[in-house]
1. Enumerate the calculated ³J(HN,Hα) couplings along segment 79-88 in order (Karplus 6.51 cos²θ - 1.76 cosθ + 1.60, θ = phi - 60°), each rounded to whole Hz, writing x wherever the residue is Gly or Pro.
2. Could you pull out the pairs from 156/243; 257/330; 257/315; 76/330; 286/330; 19/286 whose alpha carbons sit more than 32 Å apart here?
3. What's the extension gain from residue 313 to residue 288 if we count 0.36 nm per residue and subtract their Cα-Cα distance?
4. Hey, what do the phi angles of segment 293-307 turn into as Karplus ³J(HN,Hα) couplings, whole Hz, using 6.51/-1.76/1.60 and θ = phi - 60°, x for Gly and Pro?
5. Apply the Karplus curve 6.51 cos²θ - 1.76 cosθ + 1.60, θ = phi - 60°, to the phi angles in segment 249-259 and return the couplings in whole Hz, x for Gly and Pro.
6. For the residue pair residue 278 and residue 118, what label-to-label distance in nm results when each label sits 7 Å from Cα along the Cα-to-beta-carbon direction?
7. In whole percent, how big is the carbon plus sulfur part of the accessible area of the chain, probe 1.4 Å, protein atoms only?
8. Rounded to the nearest 10 Å², what accessible area does residue 114 show when all protein chains are kept and the probe is 1.4 Å?
Amino acid sequence: MKVLVTGAAGFIGMHVTQKLLARGDTVVGIDNLNDYYDPQLKDARLAQLTPQEGFRFEFMNIAHRPAMACLFEREKFDRVVHLAAQAGVRYSLQNPHAYVDSNLTGFVNVLEGCRHNAVQHLVYASSSSVYGGNTQMPFAEGDPVDHPVSLYAATKKANELMAHSYSHLYGLPTTGLRYFTVYGPWGRPDMSPWLFTSAILEGRSIDVFNQGQMQRDFTYIDDIADGTLLTLDRIAQPNPAFKTQTPDPASSHAPFKVYNIGNHTPVGLMTFIETIENALGQTAHKNYLPMQPGDVVATYACINALQADTGFEPKTNLTEGIAQWAAWYKSYTTNTGVMSNQPHSSSR
């Protein structure tokens, strides 16, 4: 099977690509290697992929319409895993146009490429951020997601709506994955594991928002990548029980599906910090702060639908996952000399 992975130099993109290659698929990976965070990390991820048989990388911006159209027409992909996006909740407060260009314009270009070139299935990254102001836990795919609290979340909800329109109009099978806080080796420098780990090892204080009264459904990267492939292999189908008078937001009369993908075990922020402290053998100096604009207090994934349809089951508990993360971080920073100095931060 020939698969396009957008954002192949990204955190999730690298791991999904590795698993596709390991099972014998051919992968074309694209990425624009932007400087939202240090491109050195993206280059290092790519260095893990480029020597592998069956992989080819192309430098490309998904917002560039002619280049994307040419890529799809030339390559004739069987399936697409669309992970390229402008990430981060807090950065969307500073640079909203980056989100429009990548997450909206770029997504239309992917949809158009799939539509015109008989792609069998498009799997794309949504986010737990779409739940926004919803406080009913655990989050379920049928819950209302009409009140985003960040532009990032709004673009991800827009992606789901855009995907449905293409599923309805053109019969394009699409599946959106609402990823819940992903962590592990090769993770992003703007996310809490990196920010906390680098600060603890360097003796700096860590910022603890909402006085530490937060929870996240932390999900290990290998579990996320496995679930993404399980979903890719299950082409979205119309829901025969779909009722137009009481429509299910996560399915349709069209070949459209949305799933939560998480660990379905929320962890308190202070417990998360303590787990990192234990893995590093050092205690964090904590700077307690109010809630950040655009953030949410808690995330908690109901994954019943994904489990029932694909057999997905997260296998990695937090202690094991953080131990793997800490070991990788120490090795990577020792070998590259990279520590902190990253400008942006995100809890997702």
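1. Once θ is set to phi - 60°, the couplings for segment 79-88 become 9, 10, 10, 9, 10, 5, 5, 7, 9, x Hz.
2. Violating the 32 Å Cα-Cα cut-off are 257/330; 76/330; 19/286.
3. So the chain would gain 5.5 nm between residue 313 and residue 288.
4. x, x, 8, 10, 6, 8, 10, 7, 8, 8, 10, 4, 5, 5, 4
5. The phi angles translate into x, 9, 8, 6, 5, 9, x, 9, 8, 10, 10 Hz.
6. Placing both labels 7 Å along Cα→Cβ, they lie 5.5 nm apart.
7. Carbon and sulfur together cover 51 percent of it.
8. Here the accessible area works out near 0 Å².
The values are calculated or read from the model by the stated rules, or taken from the named source; none is laboratory data. Just so you know, these numbers come straight off a predicted model, no measurement behind them. In this analysis, Cβ positions are derived from the backbone assuming ideal geometry, glycine residues included, and neighbour counts consider all displayed protein chains. To get the accessible areas, we keep the full protein, side chains included, count just its heavy atoms, and leave off ligands, DNA and RNA. Shrake-Rupley method; radii C 1.70, N 1.55, O 1.52, S 1.80 Å.
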